[in-house]
Amino acid sequence: MLGLKLPTDPRWVNLAEISIEDILTDHAYCEQKAASNGISMIQKYPEYERVVEELVPLVSEEWGHFKLVLEQLSKRNLKLGQQRRDEYVNALLGFMHKGGTRLIQITERLLFSALIEARSCERFKLLSQNVDDAELRSFYKNLMVSEAGHYKMFLDLACELYGKDKALARWEEYLEFEAGVMKELEVRGDRMH
């Protein structure tokens with residue numbers, strides 16, 4: 001369903017489980033960045049009314065997820081650590097076309113966002129199926145469903161605005177590039193991506 005070209009290395013979930021405080025910290029910041037990304041897109045592209053309509057509830061939901069992750073940390077007497085550099089996201093940002101028309105710019109942002117949501121969904125599914133902690137399995141199963149909806153929304157908006165054939169052709173380029181990024185990144189359990 002997600003179209004990802006390279007699945008997550010199976011060792012990732014085991015490493016993540018070893019460092020729950022680190023993975024929850026990184027996850028919290030990912031949710032915060034997702035909310036900020038939505039706000040930024042609303043501010044930068046207000047003329048795309050349909051995008052604004054879809055992003056307003058997404059921003060609230062992502063901020064709610066941030067709060068939920070903080071609650072998971074608190075339940076375990078763990079602390080929110082420092083935000084770390086996200087090599088995965090930075091690589092995807094480097095792949096985005098810069099410049100061009102506003103339509104191209106917003107399409108790039110939508111596809112970039114769809115890809116991050118797709119990878120997050122895949123990782124949440126792994127956590128929901130494999131961690132020993134039953135509460136975390138349930139937590140990540142619920143978030144997996146939400147991320148799948150966000151992925152679909154971003155991709156659908158890109159297709160609606162840019163035209164399905166052109167948007168999906170560019171989406172394939174993103175998927176191929178992302179697979180290369182995943183091959184190059186070190187498998188670490190303290191990062192959500």
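Every read-out reported here was derived from the displayed coordinates using simple, explicitly stated rules and does not represent laboratory data. Computed from a prediction, not measured in an experiment: that's the story for all the values here. Heads up, the Cβs are rebuilt from the backbone with ideal geometry, glycines too, and the neighbour counts pull from every protein chain shown.
Tabulated data
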read-out	value
Nearest-ten-degree value, helix 134-162 long axis tilted from longest Cα axis of the chain	10 degrees
Per-residue ³J(HN,Hα) for region 70-78, Karplus 6.51 cos²θ - 1.76 cosθ + 1.60, θ = phi - 60°, Hz, x for Gly and Pro	4, 5, 5, 4, 4, 4, 9, 6, 9
Pairs from Lys44/Lys98; Lys75/Lys141; Lys5/Lys125; Lys33/Lys67; Lys98/Lys183; Lys5/Lys183 whose Cα-Cα separation, in the structure shown, is over 20 Å	Lys98/Lys183
³J(HN,Hα), Karplus 6.51/-1.76/1.60, whole Hz, each residue of region 108-123, x for Gly, Pro	4, 5, 5, 5, 4, 5, 4, 5, 5, 5, 5, 5, 4, 4, 4, 5
Theoretical ellipticity at 222 nm over the chain - DSSP helices of four or more residues, -39500 (n - 2.57) apiece, nearest 500	-26500 deg cm²/dmol
Whole-Hz ³J(HN,Hα) from phi, Karplus 6.51 cos²θ - 1.76 cosθ + 1.60, for region 52-69, glycine and proline x	4, 4, 6, 7, 4, x, 4, 4, 4, 5, 5, 5, x, 5, 4, 4, 5, 5
Qualifying GluC sites (Glu not before Pro) for region 25-94 [loop in DSSP, other Cβ within 10 Å: at most 16]	Glu47
Answer label for Rg and Dmax of the Cα atoms in Å (calculated), chosen among (i) 14.9, 43; (ii) 16.3, 49; (iii) 16.7, 55	(ii)
Those lysines that a straight Cα-Cα span of less than 17 Å connects to Lys164, excepting residues fewer than 8 apart in one chain	Lys152
FRET efficiency, 1/(1 + (r/R0)^6) with R0 30 Å, evaluated for Lys164 and Lys98 via beta carbons	0.80
Along principal axes, Cα extents of region 82-193, largest first, whole Å	47, 27, 25
